[in-house]
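The values are calculated or read from the model by the stated rules, or taken from the named source; none is laboratory data. All of these numbers come straight from a predicted model, not from anything done at the bench. Cβ: placed from backbone, ideal geometry, glycine included. Neighbour counts: every protein chain shown.
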Amino acid sequence: MAADAPTSSVSLVSPRRFGAALVAARTAEGASLAAMSRRCDGWWRPDELAGFEKGTTPLDDAGVVAVARLYHLKGCRIPSGDAAELLLDRSTAPDVDRGVTRSPERDPGTMAPRLLALARVLGADLVGPASLAVLAEAFGTTTEHVRAALLASDDAAVSTAADALGGRVVVPVTGILVAFTTAGSVMLGRPAARRGRRTHRRPAAAPLRSLVVDALVGS
């Protein structure tokens with residue numbers, strides 16, 4: 001995820017975390033990569049599927065949806081309101097995850113409009129002390145610096161980002177990728193005690209805004 005990438009081109013899916021979910025789903029079925037390739041009539045070869053599982057082969061939003069369906073991933077409710085929190089996944093840091101194909105962000109100012117936009121779409125408070133602490137750790141800075149970056153964000157930029165990100169695909173079971181930093185991936189998800197049951201009745205991968213509507217209707 002390049003620091004200067006426009007919001008509309010920033011993926012909300014962590015390749016490494018999505019890949020881990022694919023491996024877990026395939027293992028649960030007892031299926032081989034060859035069997036998965038046959039399931040999609042050879043559209044993806046076993047080595048291509050292996051790349052998805054390792055998080056080393058990039059997937060666009062349409063690809064994420066298609067692969068999630070192929071692997072029969074289960075869905076869950078999108079994190080929203082007070083059931084949303086930030087966490088730092090250090091296992092995806094560049095010095096740990098050797099397969100990363102994107103550049104880490106180093107300035108919280110580039111991330112700030114994206115975070116505020118996600119908060120607006122989800123109706124969540126993501127600027128509290130706990131969130132600031134996670135972001136400060138991720139960017140190797142202070143909570144004051146992060147707070148200043150958030151306060152400096154232009155409201156028009158946040159609105160534009162909200163419109164763009166609302167149409168991007170997310171995978172709730174893996175969390176929503178907020179930023180990829182040198183320390184790892186900042187993920188937005190539900191607290192462990194409030195994740196709820198995974199089910200095929202909810203889409204495993206879909207545009208963010210449609211999942212928010214689904215959560216409202218199903219609440």
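Per-structure values
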item	result
Long-range neighbours under 6 Å by Cβ, at least six apart or interchain, first residue on the phi > 0 side of the Ramachandran plot and touching a residue at least 40 places away in the same chain (Cβ under 8 Å) within segment 78-98, second part of a loop (DSSP other than H, G, I, E, B) and surrounded by fewer than 16 Cβ atoms within 10 Å (Cβ to Cβ)	G81/G123
Pick from segment 74-92, criterion within 11 Å of A124 (Cα to Cα) and among the acidic types (D, E), ranking: nearest to the chain's Cα centre (by Cα)	E85
Extreme residue, nearest to the chain's Cα centre (by Cα), among residues of segment 28-51 that are of a type in the set (D, E) and not in a loop (DSSP other than H, G, I, E, B)	E48
Hits in segment 176-200 (condition: at pLDDT below 95 and either closer than 21 Å to V213 by Cα or among the charged types (D, E, K, R) (or both))	G189, R190, P191, R194, R195, G196, R197, R198, T199, H200
Only listed residue being surrounded by 19 or more Cβ atoms within 10 Å (Cβ to Cβ), in contact with a strand residue (DSSP E or B) (Cβ under 6 Å, 6 or more places away or on another chain) and not charged (D, E, K, R), chosen from P104, P108, P113	P104
Filtered residues of segment 113-135 (kept if closer than 19 Å to D214 by Cβ, over 15 Å from the mean Cα position of the chain (by Cα) and assigned to a helix (DSSP H, G or I))	R120
Answer from D163, D155, D125 - the residue that is under 15 Å from V10 (Cα atoms), surrounded by fewer than 16 Cβ atoms within 10 Å (Cβ to Cβ) and out of contact with any strand residue (DSSP E or B) (no Cβ under 7 Å at 6 or more places or on another chain)	D163
Residue in segment 98-113 that is within 24 Å of A192 (Cα to Cα) and in the same structural domain as A148 (by TED's automatic domain parsing) present	no
Residue list for segment 66-101, filter: of a type in the set (A, V, I, L, M), surrounded by fewer than 20 Cβ atoms within 10 Å (Cβ to Cβ), more than 27 Å from L150 (Cβ to Cβ) and modelled with pLDDT of 90 or more	A66, L70
Residues satisfying the stated conditions in segment 145-167, i.e. over 13 Å from R120 (Cα atoms), of a type in the set (A, V, I, L, M) and out of contact with any helix residue (DSSP H, G or I) (no Cβ under 6 Å at 6 or more places or on another chain)	A148, L151, A152
Considering residues of segment 161-194 that are outside any strand (DSSP E or B) and of a type in the set (S, T, N, Q) only, the residue farthest from Y71 (Cα to Cα)	T182
